[in-house]
Amino acid sequence: MKTNRQEGFSLIELLIVVAIIGIIAAIAIPNLLASRRAANEGSAQQSLRTFSSAEATYFATVGNGNYGTTASLVTQTLIDGQLGSGSKSGYVFTTGTSPAASTTSFVFGAAPTNTSALTGTGTREFCIDESGVLRGKVAAAITASTTCGTAFGNPVGN
């Protein structure tokens, strides 16, 4: 007597597995994208704090009482070239000869490069000025702000 055995998965079983994987992906992908946006925003906040610290150092040392431009901060190696280029982690920053060198003030801004719901790199824009207060608001633009202060938005982290 010879028995005929068939081994393997049926088409129904394979379709059930594919459906389960699809459900898991549908749940996980939005959370993954939200995590990426949050990481980009955290990076932008820290980058602006780095700008502020670099300005304080520049003011107290080579600036002789003046704040420097982004280009000056890169030249003095107070910030790295990636941050000085004006783009990092899905955000654009104040660059080049901005902010204008001044003895009394500076403003650095950061805005997401994409604010769309699905592929957005961030949902908030940020700024910091000579007061050292980091402010944020819902992103209205994809260009870095040149103004800061109480009219810009609420302090972040308070």
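Things worth noting here:
- Extreme residue, nearest to ASN66 (Cα to Cα), among residues of region 125-153 that are crowded, with 20+ Cβ neighbours inside 10 Å and in contact with a helix residue (DSSP H, G or I) (Cβ under 9 Å, 6 or more places away or on another chain): ASP129
- Checking each residue in region 5-45 for being polar (S, T, N, Q) and either surrounded by 14 or more Cβ atoms within 10 Å (Cβ to Cβ) or more than 30 Å from ALA139 (Cβ to Cβ) (or both) picks out GLN6, SER10, ASN40, SER43, GLN45.
- Enumeration of residues in region 110-123 that are buried (at least 21 other Cβ atoms within 10 Å of the Cβ) and farther than 25 Å from TYR67 by Cβ: PRO112, THR121, GLY122
- Check on THR115, over 18 Å from SER53 (Cα atoms) and either in a strand (DSSP E or B) or under 20 Å from the mean Cα position of the chain (by Cα) (or both): yes
- Check on ILE21, over 20 Å from ALA110 (Cα atoms), β-branched (Val, Ile, Thr) and modelled with pLDDT under 95: no
- Residue selected from region 46-92 under the condition aromatic (Phe, Trp, Tyr) and assigned to a helix (DSSP H, G or I), by the criterion surrounded by the fewest Cβ atoms within 10 Å (Cβ to Cβ): PHE59
The values are calculated or read from the model by the stated rules, or taken from the named source; none is laboratory data. Just so we're clear, the structure is a prediction, and the values are computed from it rather than from any experiment. So basically every Cβ, Gly included, is an ideal-geometry build from the backbone, and we count neighbours across all protein chains shown.
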